[in-house]
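Here the structure is laid out as structure tokens; the discussion comes afterwards.
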Amino acid sequence: MREGAAVRDLPVKVPLRTLNRHGLIAGATGTGKTKSLQVLAEQLSALGVPS
């Protein structure tokens, strides 16, 4: 969100050291939750993080 509007295709950087904690992906149907998790999993795999 930026100034109350959704921003598409905006890169988000998350430090790897923070990904060993629980997280929550929430949203209405069709808002991209599954796609977001797919992209996150692909990026982690590309960085060599084991599943």
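Any read-out appearing in this document is the output of simple, stated calculations on the displayed coordinates, not a laboratory observation. Since this is a predicted model, take the numbers as computed values, not measurements. Note that each Cβ is placed from the backbone with ideal geometry, even for glycine, and that neighbours are counted across all protein chains shown.
Some notes on this structure:
- Applying 0.36 nm per residue to the separation of residue 29 and residue 2 and subtracting their alpha-carbon distance, the gain on full extension is 7.6 nm.
- Within segment 1-35, trypsin sites (Lys or Arg not before Pro) in DSSP loop having at most 12 other beta-carbon neighbours inside 10 Å: 8, 13, 21
- Rg and Dmax [Cα atoms of the chain; Å; Rg one decimal, Dmax integer]: 12.6, 37
- Dipole moment magnitude, nearest 20 debye, the chain about Cα centre, only Lys, Arg, Asp, Glu C-beta charged: 120
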